[in-house]
1. Under 8 Å for C-alpha pairs, at least 6 residues apart: give me the relative contact order for the stretch 5-96, rounded to a whole percent.
2. For the chain, what does -39500 (n - 2.57) per DSSP helix run (n ≥ 4), summed and divided by total residues, give at 222 nm, in deg cm²/dmol to the nearest 500?
3. Per residue of the stretch 29-42, in order, report the coupling 6.51 cos²θ - 1.76 cosθ + 1.60 (Karplus, θ = phi - 60°) as ³J(HN,Hα) in whole Hz, putting x for Gly and Pro.
4. Evaluate the charge dipole of the chain about its Cα centre and quote only its size in Debye, nearest 20, assuming +1 on the Cβ of each Lys and Arg and -1 on the Cβ of each Asp and Glu.
5. With everything on Cα atoms, drop me the angle between helix 82-96 and the longest principal axis of the chain, reported from 0 to 90° to the nearest 10.
Amino acid sequence: MAMTYTDSAGLMTDSVFRGRVKVACLKYADYIHHEANTTPAHTSRLRWAQQAYQSPDETAGRVQPPTVMDQAVQDAGATITDAALQSAVEGVVNTFI
């Protein structure tokens with residue numbers, strides 16, 4: 001069941017959830033750093049990854065609200081598994097780059 005607007009708004013500013021989003025962003029940034037330079041859009045992806053390493057809190061702040069709107073997060077809320085959250089974060093980041 002989807003979260004209410006109030007619940008969604010609360011999760012968008014929840015500091016514990018933001019920490020989990022930050023870890024997921026850094027994990028994805030590490031993956032991008034190690035991918036082949038022939039990967040489509042690698043230059044843009046690498047630029048995002050470098051920015052995520054340099055400013056992880058800012059990156060998490062930008063990624064958190066749209067991640068909350070991901071259907072998996074809407075269904076599970078803050079109890080979403082790390083694996084499902086990782087997938088949601090990667091999906092959001094891919095829309096940025």
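1. 36
2. Working: 6 runs with 75 residues, N = 97.
It lands at -24500 deg cm²/dmol.
3. 4, 4, 4, 4, 4, 9, 6, 5, 6, 8, 4, x, 6, 4
4. Roughly 240 debye, rounded to the nearest 20.
5. 60
All of the numbers you see were taken from the coordinates with simple rules; none came from a lab. A quick note: this is a predicted structure, and the numbers were derived from the prediction, not measured. Cβ: placed from backbone, ideal geometry, glycine included. Neighbour counts: every protein chain shown.
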